[in-house]
Each structure stands twice: as C-alpha cells, then as structure tokens.
1. For the range 103-131, what are the residues that are within 16 Å of residue 206 (Cα to Cα) and part of a strand (DSSP E or B)?
2. Quick one: how many residues across the range 198-218 are among the acidic types (Asp, Glu) and either surrounded by 22 or more Cβ atoms within 10 Å (Cβ to Cβ) or within 16 Å of the ligand (Cβ to nearest atom) (or both)?
3. Could you run through the range 76-97 and say how many residues are under 21 Å from the mean Cα position of the chain (by Cα) and over 21 Å from residue 200 (Cα atoms)?
4. Starting from the range 426-446, keep only residues that are in contact (Cβ under 8 Å) with a residue 24 or more places away in the chain, then list their pairs with residues that are away from the ligand (no atom under 16 Å from the Cβ) and of a type in the set (Ser, Thr, Tyr) whose Cβ atoms are within a distance under 7 Å, requiring at least 6 positions of separation or different chains.
5. Would you pick out the residues in the range 401-451 that are farther than 24 Å from residue 369 by Cβ and among the aromatic types (Phe, Trp, Tyr)?
6. Inside the range 122-144, can you point out the residues that are within 16 Å of the ligand (Cβ to nearest atom) and either among the charged types (D, E, K, R) or over 19 Å from residue 68 (Cα atoms) (or both)?
7. Of everything in the range 343-354, what is modelled with pLDDT of 95 or more and either of a type in the set (A, V, I, L, M, F, W, C) or crowded, with 17+ Cβ neighbours inside 10 Å (or both)? Give them in sequence order.
8. Please verify whether residue 163 is away from the ligand (no atom under 16 Å from the Cβ), under 26 Å from the mean Cα position of the chain (by Cα) and either in contact (Cβ under 8 Å) with a residue 12 or more places away in the chain or in the same structural domain as residue 53 (by TED's automatic domain parsing) (or both), treating the condition exactly as stated.
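The values are calculated or read from the model by the stated rules, or taken from the named source; none is laboratory data. Predicted model, so just to flag it, every value in this text is computed and none were measured. Counting neighbours? That spans all protein chains shown, and the Cβs are built from the backbone with ideal geometry, glycine included.
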Amino acid sequence: MNVCTTRLSKFSFEGLFSLSRFVAELTMKGWKQMLGTRTKLQQAIDEKQATLLAILRQLVAFQTVSPPARNTLDVQEFVKEQLTAAGFLVKQQAFYDQDALVSGKLRGREDSQHHSLLLNGHVDVAALTDRDRWQTDPFKLVQKGDQLYGRGVSDMKGAIACFLYLFQLLKQLDIHLPGDLLFQSVVGEEAGEAGTKTLLKQGETADFAVVGDTSDLAFQGQGGVVTGWITLKSPHTYHDGNRVNMLRAGGGLKAASMVEKMPVVIEALQKLEHYWAVTKQYPGFPAGTDTINPAYIEGGIHPAFVANECRLWITVHFYPNETIQQVTQEIEAAVTAAAKADPWLKETLPTFSWGGDSMLVDKGEIFPPLAIDQSSPAVQLLKQSHEQQLGKAPTINMSTSVSDGGWFDFYHIPAVTYGPGEMQQAHSDNETVRLSQLINYTKIMADFVLTWCSQAK
Ligand SMILES: [Zn+2]
C-alpha cells in the first residue's frame, strides 16, 4: 500500500509533465476527468487484489496442459463469462476438438476517431515434465508471501488474470473508453498451433497489440522460427540380406541405407549454421542466434530391411530481417549441394517440407519474427506508463524464445510482447510469479489502456 501512495503523489507532478503531448489533445475538462479516472482505477487495483487472486486461482485450476492439449473448453467458457460480464461482445469458435478460441471487443464510445488496442494471451500451459518435483499441487494457486505458485502463473495465466481483472474494474468503475479494447484468449501456443494466426487471418485487428507472454516486464521482440522435415528416400527397398552386396568389393548393388546417409545432411546443416553465425547479425541478439537444430530423427522399417527412408525434423531460428523463404532456400541449396556431391545421394536428392500449423497434428510450426518499432507512439506511451509505475525505463530486448507476438508483425499490426513472469519460470517445476509484479503490470496496462484508447487517431 505504501508503494501505491508514493506512486500516486509522484504521478500528480511528474506524470503531468511527461504526458504533455497527450494533454495537448484533450480539453481541460477532459484532462481532469482522465486524472480522476486514472486515480480511481489505480486505487481500485490495489484495493481489490483479492479479485485478481480469485481470477488467477480459477484459471490455474483448469488443467489446460499442452501436450496433450484438447482441454480448453472449460477455461474458455470461464474467460467468455468474464468478458461478457465486463461488457465485451464475445465470439467463440471451435479450434481443434475440445479446444476453442475466444475473442472479445469492448466497443469504444467514439471508436472511429480513437486508437484501438488488442491484448492477447494463451490459456494453454506447458506439460508437467517433473511433477514429482513440485512442492505444491500445480493446479492449485498457492501464495507464500509475495510468491504465487501454480502451473502457468508465469506462462501466462498471470497476465490473463491481470487483463480480466482490469476489464472487470473498468466495468465496475463505469469507465467508458473512447477507442476499442479487444482481447484474444487463444490456445495452442505451447504446441506451435496457430490460434492467434487464425484470429488475425479472419481480420481481427487494432492499431496496436500487446501480447502478455512471459517477459519479466521487458519489451520484447523476437526472431522467427520455422520447422522443417528433410527426407532421404531410396528408390528401392532391400532385404537386409542384400547388405553384403552393397558393401563388398564387386558386390555390384548400388544402394545405400538412408539412415547411414543422413549424416551427409546433418554435416551440411552444421556447416551452414556455422557460416550464418559468422556472417549474420541483428541488433539485440547474441551472434549465432540463427541456429539449425537437428531435433528429431526417424527412419527405416525394421531390422530385416536396409533403411529405405530417413527423416530429419529440424528447427530453424532466424533474424527479424530475414524471411522464411530466404532461410529455407539457403538450407535447401546447402543440403542439395552436399547430396549432389555424394555418389549415392546424387540420383535421389533429399526433399523438404517446411512449417505447419501444429506440432501435434501436422508436425510443424511457424512463429514469425517480431521487430519492435521504438519510435511508434504506442510504444512511447507504454514506455511512459511503465516508467511512471516502476520509476525506470523498461528493458527493450529480443527474446531467445518465441511467442505469438510475431503473428501481429506478420499481419502488419504494430505489437510488443510484454508480460509478467520470468523466462526461467516458464515451463519449470514449482512455477512462480510475484503478486507485486502482477499488480504493477495491471496498473501499467490500466494506464496504457486509458491513454492509448483516449488518443485521437
Ligand atoms: Zn507463453
């Protein structure tokens, strides 16, 4: 509570100054109203923390683990109820079986003339790989001092709870925004499934978007990711008994095991990865972030055969100034050249298949890159809201991981990934987030929603 009091008095003087551009666009009466509204909202965020905890408790209790996924209908029903109660027009649509996408819109009172904002989050959580290491029930929110424990509190039910809490307070305090406020509650993010892409492809849009995924309150962009399969396939299938004639001098059978030929591909990928590390760079990324991971391999029929096929599943990370087409073409050229130089592979060159809509269904994923435009008015305003609350500028960096933020860039919607929770907590056992950080995040987002959605286009 002390923190709050200091914040409010600090805002009254310094905040007035730092928002001068914004003030110029408001009448004096409007400005006074805005100050009053902001103060009311910030106070309520402190006073009604029990509501935030109650929302998060309910979100954590839904076991939305992915994989196996296909378990989000109940949590999405809960989100839908919350949005409807807050006055949002809500749309729900089927995604995969037993999975749904929910999006809502709180229509602004003068929406055609004011900025709109889209908040996005995913309600699926990472699988529990080390359940016996959990000291508490992962699906029960446990509070120990400032720490909150439970699966997904960092990634990213904590942020979703903050958004829903804020929507509820806007309704309770009878605050009507001039611009539209949109919210997308997606699923499938943990399995590379295209929940956010699906909604944006259908035309959902806004002047700016915040993806509340785990960033420890840093503004994060990201590189892109595309997965791919490289397949070696022999023109004939041979019984294991033929192997002797493939190896023996004078054996005469020109054939090879595709399992034994995959190292030609892997070596070509390693050479290209090394070349990229030396020749490519992008601000905010450590050199060598462009990686090619030979992640998974499968092949052969069973021991009575010479392996007639081998398939390698790779993960390619690329920089925001590169495209999927560019990087996949480079990989295809390098691997094909290596295969052409191999006497056995030159007549049956490798084939490639890139991307996909789900790691679980078509065994592929794409996460486009997200570059942050630091000069954009929305990023500037969000920065101000952050600074006013925390007394220092946000860190702006590039995530080494990926989130749905890239889909906004792909569909030409300026965006940033900005959410509570730490990366090392995401997907870990005893996942935790600080309640004080959730409160700070809610206040920052409240301030940003008020200022951005009140600003004329
Ligand atoms: Zn996440």
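1. Kept after step one, since they are within 16 Å of residue 206 (Cα to Cα), are these residues of the range 103-131: 103-121.
Within the range 103-131, 103, 104, 105, 106, 114, 117, 118, 119, 120, 121 qualify.
2. Looking only at the range 198-218, we keep the residues that are among the acidic types (Asp, Glu), and these are 204, 207, 213, 216.
Those left that are additionally either surrounded by 22 or more Cβ atoms within 10 Å (Cβ to Cβ) or within 16 Å of the ligand (Cβ to nearest atom) (or both): 213, 216.
Looking only at that region, the number is 2.
3. Counting residues in the range 76-97 that are under 21 Å from the mean Cα position of the chain (by Cα) and over 21 Å from residue 200 (Cα atoms) gives 0.
4. 430/149; 431/149; 432/149; 442/165; 444/385
5. Answer for the range 401-451, where residues must be farther than 24 Å from residue 369 by Cβ and among the aromatic types (Phe, Trp, Tyr): just 441.
6. Hit for the range 122-144 is 124, nothing else.
7. 345, 349, 350, 352, 354
8. On the way: away from the ligand (no atom under 16 Å from the Cβ): no; under 26 Å from the mean Cα position of the chain (by Cα): yes; either in contact (Cβ under 8 Å) with a residue 12 or more places away in the chain or in the same structural domain as residue 53 (by TED's automatic domain parsing) (or both): yes.
Taking the combined requirement at face value, the residue does not satisfy it.
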